[in-house]
1. Identify the single condition in (1) outside any loop (DSSP other than H, G, I, E, B); (2) open to solvent by 70 Å² or more (accessible area, probe 1.4 Å); (3) hydroxyl-bearing (Ser, Thr, Tyr) that Thr93 does not satisfy, given that it satisfies every other one.
2. Answer yes or no as to whether Leu80 is over 21 Å from Tyr120 (Cα atoms) and either in a strand (DSSP E or B) or not small (Gly, Ala, Ser) (or both).
3. Please count how many residues of the stretch 69-90 are of a type in the set (D, E, K, R) and open to solvent by 60 Å² or more (accessible area, probe 1.4 Å).
4. Filter the stretch 118-149 for residues that are at pLDDT below 90 and more than 16 Å from the chain's Cα centre (by Cα) and give the result.
5. Can you name the number of the only condition in (1) touching a residue at least 24 places away in the same chain (Cβ under 8 Å); (2) touching a helix residue (DSSP H, G or I) at 6+ places or on another chain (Cβ under 7 Å); (3) under 17 Å from Asp160 (Cα atoms) that Ala105 fails?
6. In the stretch 162-180, what residues are farther than 21 Å from Glu78 by Cβ and either among the β-branched types (Val, Ile, Thr) or open to solvent by 30 Å² or more (accessible area, probe 1.4 Å) (or both)?
7. Can you tell me which residue within the stretch 38-68, out of those that are open to solvent by 40 Å² or more (accessible area, probe 1.4 Å) and part of a loop (DSSP other than H, G, I, E, B), is nearest to Lys111 (Cα to Cα)?
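The values are calculated or read from the model by the stated rules, or taken from the named source; none is laboratory data. The shown structure was predicted, so the numbers you read here are calculated from the model rather than taken from an experiment. Glycine gets a Cβ as well: all are built from the backbone with ideal geometry, and neighbour counts include every protein chain shown. Side chains are part of the model used for accessible areas, which takes the heavy atoms of the whole protein and leaves out ligands, DNA and RNA. Shrake-Rupley method; radii C 1.70, N 1.55, O 1.52, S 1.80 Å.
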Amino acid sequence: MRNIQFAAIVIISVSFCVNVAAKEDSCPFEKPVSQFDRRAPGVLEKSFKAVTDREAVEIVSLDSGDRVEVHYSGCEYEELKIRIDSSKFASLTNEGDIYKAAAIAIGRLSKYTVKNIYAYPFSDVSKALLRTGSLKTPPPFHTEIKIPSVEGMTSVVTIDSFTKNSAGGKLTISMNRGPL
């Protein structure tokens, strides 16, 4: 009787593991891929490292002195968390200026990105951030800003945080799109 119970537990455990693996493999988005072109003029250094099957980190150093770190994740929704360290952020004082600086920074990033089917719509994100920063009263950080639909997906961007430091400032932006 104990052998039958043990066998049943093993079968149930294996079945659970197979189901979990099948769910992970059924993610509609492909595994994260690099968004930045190592050969683009202005890219000094670039690294891309998969952390798991669905997470990756990309770090890019630009000749402008800016450093960009992108964390990729997601399955049904693709998520990018972008942290930009830049001396250009030193003079920012209010939310409107921060939204506009984010728009300029994301717009600049678009010229370093790869042009393929997986490319994130950085230029559309830049336009949405610029419109938001131009409002008489921009919304507080963490407010979702909708990006024009791409292939029927909903895309949003938020400014998560901004901090000044001795080198200028650090801006963190989240973008996601889905469901696919």
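1. (1) is the only condition that Thr93 fails.
2. It is false that Leu80 is over 21 Å from Tyr120 (Cα atoms) and either in a strand (DSSP E or B) or not small (Gly, Ala, Ser) (or both).
3. Of the residues in the stretch 69-90, the ones of a type in the set (D, E, K, R) are 69, 76, 78-79, 81, 83, 85, 88.
Those left that are additionally open to solvent by 60 Å² or more (accessible area, probe 1.4 Å): 76, 79, 81, 83, 88.
Adding up the residues that qualify gives 5.
4. Within the stretch 118-149, Pro148, Ser149 qualify.
5. Checking Ala105 against (1) touching a residue at least 24 places away in the same chain (Cβ under 8 Å); (2) touching a helix residue (DSSP H, G or I) at 6+ places or on another chain (Cβ under 7 Å); (3) under 17 Å from Asp160 (Cα atoms), the one that fails is (2).
6. Within the stretch 162-180, Phe162, Thr163, Lys164, Asn165, Ser166, Ala167, Lys170 meet the criteria.
7. Looking at the filtered set, the residue picked out is Pro41.
Conditions (1) under 25 Å from Ser34 (Cβ atoms); (2) open to solvent by less than 40 Å² (accessible area, probe 1.4 Å); (3) in a helix (DSSP H, G or I), marked per residue:
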{"residue": "Arg108", "(1), (2), (3)": "yes, no, yes"}
{"residue": "Arg131", "(1), (2), (3)": "no, no, yes"}
{"residue": "Lys146", "(1), (2), (3)": "no, no, no"}
{"residue": "Val156", "(1), (2), (3)": "yes, yes, no"}
